[in-house]
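Engineer: What follows is a single structure, and I will ask about it in a moment.
The values are calculated or read from the model by the stated rules, or taken from the named source; none is laboratory data. All of these numbers come straight from a predicted model, not from anything done at the bench. Cβ: placed from backbone, ideal geometry, glycine included. Neighbour counts: every protein chain shown.
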């Protein structure tokens, strides 16, 4: 577990660790002001690069597993699948826009394959939960794969079946409910959300631990988790 150099008061620490992603953002002072917060740029793909968008609950927690993969060029937190253009965090977290919190993964197919990225995705979500992910509840926290075209859809479906078989081999009987959706417009989230696990490691670790994410992932996937 992450160790604090300067211990916080115990009651404050316990209350912080019980917060969900939305509440922690507010406690960190990251809620938007009446002036729209600047969004991160969406970098165009360079020659030979590819991209995929995954939804896995709190986007803070989905960047790090992919950033560790050789061949991944970048990850960007954002929103996809909703009804309005250029949504803000506040609008998405209200649940009214029907967007999901997602990450855009840009990668080099010569170094890492789409199928390998799918395996990373499954082992970092609870695909049996259709009400959110871990302590974060609501449609905007649900999981999904956004596939581009028939080939990616077939690959995603095959990976879903492999993941289901893996869960069954571990005694997990609940069905996978993660949908495979058609790719849609990706909107980058506000700048303060990007690379949160790097820029705010203490709060990130407190949130991730308090939310029970790693505990549940270990229950589902064992040593293959995270």
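Engineer: Looking only at segment 133-144, filter to residues that are within 11 Å of the chain's Cα centre (by Cα) and part of a strand (DSSP E or B); which one of those is nearest to residue 219 (Cα to Cα)?
Structural biologist: If we take residues in segment 133-144 being within 11 Å of the chain's Cα centre (by Cα) and part of a strand (DSSP E or B), then 133 is nearest to residue 219 (Cα to Cα).
Engineer: Residues of segment 192-226 being farther than 18 Å from residue 103 by Cα, touching a residue at least 60 places away in the same chain (Cβ under 8 Å) and within 16 Å of the chain's Cα centre (by Cα), which ones?
Structural biologist: Answer for segment 192-226, where residues must be farther than 18 Å from residue 103 by Cα, touching a residue at least 60 places away in the same chain (Cβ under 8 Å) and within 16 Å of the chain's Cα centre (by Cα): 205, 207, 209, 211, 212, 216, 217, 225.
Engineer: While we're looking at this one, here's another question. If I filter segment 71-84 for residues that are within 22 Å of residue 212 (Cα to Cα), touching a strand residue (DSSP E or B) at 6+ places or on another chain (Cβ under 6 Å) and assigned to a helix (DSSP H, G or I), do I get at least one hit? Working first, answer last.
Structural biologist: Initial filter on segment 71-84 (within 22 Å of residue 212 (Cα to Cα)): 77.
Keeping just the survivors that are touching a strand residue (DSSP E or B) at 6+ places or on another chain (Cβ under 6 Å) gives 77.
Still in the running and assigned to a helix (DSSP H, G or I): none.
There is no residue in segment 71-84 that is within 22 Å of residue 212 (Cα to Cα), touching a strand residue (DSSP E or B) at 6+ places or on another chain (Cβ under 6 Å) and assigned to a helix (DSSP H, G or I).
Engineer: With respect to the numbered conditions (1) over 30 Å from residue 177 (Cα atoms); (2) modelled with pLDDT of 95 or more, which one is the sole condition not fulfilled by residue 34?
Structural biologist: (2)
Engineer: Tell me, which residue of segment 40-65 that is outside any loop (DSSP other than H, G, I, E, B) and over 10 Å from the mean Cα position of the chain (by Cα) is nearest to residue 122 (Cα to Cα)?
Structural biologist: Filtering segment 40-65 for residues that are outside any loop (DSSP other than H, G, I, E, B) and over 10 Å from the mean Cα position of the chain (by Cα), the one nearest to residue 122 (Cα to Cα) comes out as 52.
Engineer: Among the residues of segment 91-106, which ones are over 12 Å from the mean Cα position of the chain (by Cα) and either more than 22 Å from residue 155 (Cα to Cα) or crowded, with 22+ Cβ neighbours inside 10 Å (or both)?
Structural biologist: Those that are over 12 Å from the mean Cα position of the chain (by Cα) and either more than 22 Å from residue 155 (Cα to Cα) or crowded, with 22+ Cβ neighbours inside 10 Å (or both): 91, 92, 93, 94, 95, 96, 97, 98, 99.
Engineer: Only one residue in 154, 202, 170 is closer than 20 Å to residue 216 by Cβ, surrounded by fewer than 16 Cβ atoms within 10 Å (Cβ to Cβ) and at pLDDT 95 or above, so which one is that? Before the answer, list the steps.
Structural biologist: Working: 154 fails: closer than 20 Å to residue 216 by Cβ; 202 fails: closer than 20 Å to residue 216 by Cβ.
The match here is 170.
Engineer: Could I ask something else about it? When you go through (1) within 29 Å of residue 145 (Cβ to Cβ); (2) in a helix (DSSP H, G or I); (3) modelled with pLDDT under 95; (4) touching a helix residue (DSSP H, G or I) at 6+ places or on another chain (Cβ under 7 Å) one by one for residue 16, which number turns out not to apply?
Structural biologist: The one condition residue 16 does not meet is (1).
Engineer: A further question follows. Touching a residue at least 60 places away in the same chain (Cβ under 8 Å), within 17 Å of the chain's Cα centre (by Cα) and under 23 Å from residue 77 (Cβ atoms): is that true of residue 185 in this structure?
Structural biologist: Here the answer is yes, as residue 185 does meet what is asked.
Yes/no matrix, rows are residues, columns are (1) over 30 Å from residue 38 (Cβ atoms); (2) buried (at least 18 other Cβ atoms within 10 Å of the Cβ); (3) in contact (Cβ under 8 Å) with a residue 40 or more places away in the chain:
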| position | (1), (2), (3) |
| --- | --- |
| 65 | no, yes, yes |
| 70 | yes, no, yes |
| 78 | no, yes, yes |
| 89 | no, yes, yes |
| 110 | yes, no, yes |
| 115 | yes, no, yes |
| 119 | yes, no, yes |
| 159 | yes, yes, yes |
